[in-house]
């Protein structure tokens, strides 16, 4: 029975208690029936005080004794009282210098006693402290290493350790010299030489040894200077011969451009000699080639001297081609390479005609652009690839709609 109800019945049984409820109510003595088929009603009308008291008693026993008393043995709960033990004779303590206090020994402070752990319940086990990252992977690696060791196979890393250069342990370590010693060796911290002392393999594995820089990275992509000096004829008041030489160079550039255009037109033109005639159509091309080869082989028997001379001449041509190829490779270093899908196009020469020359800087007309000149210089020195300005491309089509006002006018 709940403690609250028991208290009410005891109070009601006392003499002089006045019941405020009406006795004429026939249902006053009956117990109220409540529907407990729902969780809310069950929690509201259920009496769980006895369960809470039992659980609190269990928790109290665990805190004070470390478990339930019913599960404890008799030896842990009872002990044999044999009387008060005799006090040992007090030892004469040696006088301590600087200690004048006598009487009770020092006890811990109250605040320290409050902070001490007084529960006998063991703290919960920390599962994360026993977990090991990649435990399954490490276990599999260990099993594989054991299998290889059973077969007599030495891993690659173990071979590297065995092949290491032995370190001389008996050698004495160099004593560090003081910074103010005038006789110590000079060391340039900005120099290219590295001051690495120790095993090279150890320095490489620990990351203390820098990776050797490839020699290819030290080479410049082009031998051209960053800023090219313009020819003397490009001055605002040039010499006559210098200006004519610059005009001649510009003329050669235009002639070369015209020849390239004419060459493209000739290549695209149709050659009438390549058309098949009636004789060529009658005789098959494979038979004509076979007959020509057979005749050439018969004639070669009587041309041994000329063949030897042609072989020597061919060898000389090969050597000349090799020399020319090397010269072209050296000259190619000063030419822009093909770095992208576009080909480098040199900008037009900034040259003025004879009637356009100005006699002073005040009358000089500016030509070209510094920004464009620097941009072309980067492309010519193979630092960036040739580019074109991106063209705007509309993704969605325009939709034309006639408004009402326009319809009324038309």
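The values are calculated or read from the model by the stated rules, or taken from the named source; none is laboratory data. Since we're looking at a predicted model, the values are computed, not measured. Here the Cβ positions follow ideal geometry from the backbone for every residue, glycine too, while neighbour counts run over all protein chains shown.
Numerical summary
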quantity: Residues within region 103-114 that are exposed (fewer than 10 other Cβ atoms within 10 Å of the Cβ) and outside any loop (DSSP other than H, G, I, E, B), tallied; calculated: 4
quantity: Meets criteria (assigned to a loop (DSSP other than H, G, I, E, B) and in contact with a helix residue (DSSP H, G or I) (Cβ under 6 Å, 6 or more places away or on another chain)) for residue 335; calculated: no
quantity: Members of region 346-370 found to be at negative phi and surrounded by 11 or more Cβ atoms within 10 Å (Cβ to Cβ), listed by number; calculated: 347, 348, 349, 350, 351, 352, 357, 358, 364, 367, 369
quantity: Failed criterion for residue 136 (all others in (1) under 30 Å from the mean Cα position of the chain (by Cα); (2) exposed (fewer than 10 other Cβ atoms within 10 Å of the Cβ); (3) modelled with pLDDT of 75 or more; (4) in a loop (DSSP other than H, G, I, E, B) hold); calculated: (4)
quantity: Region 330-359 residues that are under 13 Å from residue 243 (Cβ atoms), paired with ones that are modelled with pLDDT of 90 or more (beta carbon under 6 Å, 6 or more apart); calculated: 349/250; 351/246; 351/250
quantity: Matching residues, region 286-313, being surrounded by 10 or more Cβ atoms within 10 Å (Cβ to Cβ) and either modelled with pLDDT under 75 or not in a helix (DSSP H, G or I) (or both); calculated: 303
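Residues checked against (1) touching a helix residue (DSSP H, G or I) at 6+ places or on another chain (Cβ under 9 Å); (2) modelled with pLDDT under 80:
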site: 266; (1), (2): no, no
site: 271; (1), (2): no, yes
site: 281; (1), (2): no, yes
site: 320; (1), (2): no, no
site: 347; (1), (2): yes, no
